Amino acid sequence: MAPEARPAVVTPADMEGTPLDAALTSQDGWFVGWDPIDRQISVLYHETSADWFAPASAVVSVIGSDDTVMDYQLAINAIVPFLAHHGASLTASLLAHAPYPMPAEQTVHAGAVVDLPSRRLRYWTTESVPPQLVAKVTAAWPGWTVERLPLGFIGHLAATGRDDEDLIMTDAELRDGGWEEDLIDIRNSERIALTTDPRTLRPPRVRVIDES
């Protein structure tokens, strides 16, 4: 079993939803501003400084009809109950907020990609999800295709048109995390075979502001 595969099971009892404003991680200390015209997030210190100040546990990315991608960092216990609780209205609620930089792989353990043009919701998590909870998500997103996204964070990047080496854990980091060599080899092989979304998807640029 891969070290990231936790034995915990998400149950329908976890359906209590965290309000979105409470679920979004804090922007204090690192966020400078969002320019929707230039599609640029301005941050202090480093592109991943959000990970230092308010580490997220999950990330949700929204693909718009114009092929833009907006990423949102969340601090929640489980992504699937969150999606079931908020339903399809989650998309508009997220888009009302400024986006976040994409977090690093070692920070998050769950996520979702909301593809508006195809009405496709893909989620990933390190936990087992029972069919009845998936059914609740499907009911809360009527008219949407709901699927589990393979390969976790790496699959999330590919589904949003990215392959950011700087965000993906290195083999050395995986070893430090307890991964065995055969599992690392399998992961690397699957990553090579993974198909990146063929659209020209456009996530925001991140600009680092020098305080001095």
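Just so you know, all these numbers are worked out from the coordinates, no wet-lab data involved. Just so we're clear, the structure is a prediction, and the values are computed from it rather than from any experiment. All Cβ positions, even for glycine, are placed from backbone atoms using ideal geometry, and neighbour counts span all protein chains on display.
By count of other Cβ within 10 Å, fewest leading, how are 102, 169 ordered?
Values: 102 29, 169 19.
Ranking 102, 169 by Cβ neighbours within 10 Å, fewest first, gives 169, 102.
Would you mind counting up the charge near residue 144? Only other residues with Cβ under 15 Å from its Cβ, with Lys and Arg at +1 and Asp and Glu at -1.
Once positives and negatives cancel, what remains is +3.
For an R0 of 22 angstrom, estimate the FRET efficiency from the Cβ-Cβ distance between residue 188 and residue 147 and round to the nearest 0.05.
0.40
With n ≥ 4 as the cut-off for DSSP H runs, can you work out [θ] at 222 nm for the chain, using -39500 (n - 2.57) per run divided by the number of residues, rounded to the nearest 500?
Mean residue ellipticity at 222 nm (helix-derived): -7500 deg cm²/dmol.
Sort the stretch 104-179 into rounded, prolate or oblate with this rule: let a ≥ b ≥ c be the square roots of the eigenvalues of the Cα gyration tensor; rounded if a/c is under 1.5, and if a/c is not under 1.5, prolate when a/b is larger than b/c, oblate otherwise.
oblate
Taking amide H positions as placed 1.01 Å from N in the peptide plane, with prolines and chain starts having none, which residues 5 or more places from residue 146, or on another chain, fall under 5 Å of its amide H?
Here the answer is 121, since their amide H atoms fall under 5 Å of that of residue 146.
For the stretch 108-115, take each phi angle, set θ = phi - 60°, evaluate the Karplus expression 6.51 cos²θ - 1.76 cosθ + 1.60, and give the result in whole Hz per residue in order, putting x for glycine and proline.
Running phi through 6.51 cos²θ - 1.76 cosθ + 1.60 with θ = phi - 60° gives 10, 10, 6, x, 8, 10, 9, 9 Hz.
Residue by residue, what Karplus-based ³J(HN,Hα) values in Hz, rounded to whole numbers, does the stretch 141-147 have, using 6.51, -1.76 and 1.60 with θ = phi - 60° and x for Gly and Pro?
10, x, x, 9, 8, 10, 9
Which ³J(HN,Hα) values, rounded to whole Hz and listed in residue order, are derived for the stretch 70-79 from phi using the Karplus coefficients 6.51, -1.76 and 1.60 in 6.51 cos²θ - 1.76 cosθ + 1.60 with θ = phi - 60°, glycine and proline given as x?
Karplus-based 3J(HN,Hα) across the stretch 70-79 equals 10, 9, 9, 8, 10, 10, 9, 6, 8, 6 Hz.
Given the C-alpha atoms of the stretch 12-209, compute the convex hull and give its volume per residue in Å³. Working shown, then result.
Values: hull volume 24.4 nm³, N = 198.
Normalising the Cα hull of the stretch 12-209 by residue number yields 123 Å³.
Counting GluC sites (Glu not before Pro) as exposed when in a DSSP loop with at most 11 other beta carbons within 10 Å, what is the longest stretch of the chain free of them?
No qualifying site falls inside 17-210, the longest such stretch.
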